[in-house]
Each structure stands twice: as structure tokens, then as C-alpha cells.
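Reading through the C-alpha cells given below for one structure.
Please treat every number below as a calculation from the coordinates, not as lab data. Keep in mind the model is a prediction, meaning the values are calculated, not measured. Neighbour counts are summed over all protein chains in view; Cβ atoms, including those assigned to glycine, are modelled from backbone coordinates with ideal geometry.
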């Protein structure tokens, strides 16, 4: 199953587009998606630790604009957004 991850904030540096597409298993969780994104970043950016930290500290949002936990299951070809933390001064 294909899933589209919309990119916001610092995660926009992951792609030239506003999203990345990943192939995932049916009933994958947000935790699985985090791991898939890290794999994608390892291949594309040769293990950029800053990017991995962004993924691991980010919240994820469902199509319904709800923040979802790591055990949230993806059951269809829905869009998920990654929402990195925003630092301020």
C-alpha cells in the first residue's frame, strides 16, 4: 500500500516536493512509518542524524487533522502529515 507523508517545517528538507511517498504494509502503525522515513533518509541523505532526530521528535497528524499516537494504524491510502517541533527564542 502506498502512503503520502505531507512535510511541514524542518521536514520539508526531506524532499523537493511537499511530500514523500512510501510503500507500507496494510495496518502499519505510525511507529512503522517513522522507521520507514528513517530508512528513506538513510538512503537519500546517508544517515543525516539531524534529519533522523526531526523524525523521532515529530508529531504525526491524520487526514482528519488529529494528532495521532505511534500505535495509530493506517488502514487505507490516507495522507499523514509529519509535524516537527518548532523551536523559538
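At 222 nm, what helix-only mean residue ellipticity would the chain give, in deg cm²/dmol to the nearest 500, using -39500 (n - 2.57) for each DSSP H run of four or more? Helix-only estimate at 222 nm: -9000 deg cm²/dmol. In whole percents, the pair-distance distribution calculated for the chain from its alpha-carbon pairs, binned every 5 Å from zero, is 3, 15, 28, 28, 17, 7, 2, 0, 0. Tell me, what is the FRET efficiency for residue 26 and residue 65 to the nearest 0.05, using R0 = 22 angstrom and their Cβ-Cβ distance as r? For R0 = 22 Å, the calculated efficiency reads 0.40. Taking the number of Cβ atoms within 10 Å of each Cβ as an exposure proxy, the fewest-first ranking of 29, 75 is 75, 29. Need one word for segment 45-89: rounded, prolate or oblate. Basis is the Cα gyration tensor (sqrt eigenvalues a ≥ b ≥ c); a/c below 1.5 gives rounded, then a/b vs b/c decides. Here segment 45-89 falls in the oblate category. Contact order, relative form, for the chain: 40 percent (alpha carbon pairs under 8 Å, 6 or more residues apart, mean separation divided by residue count).
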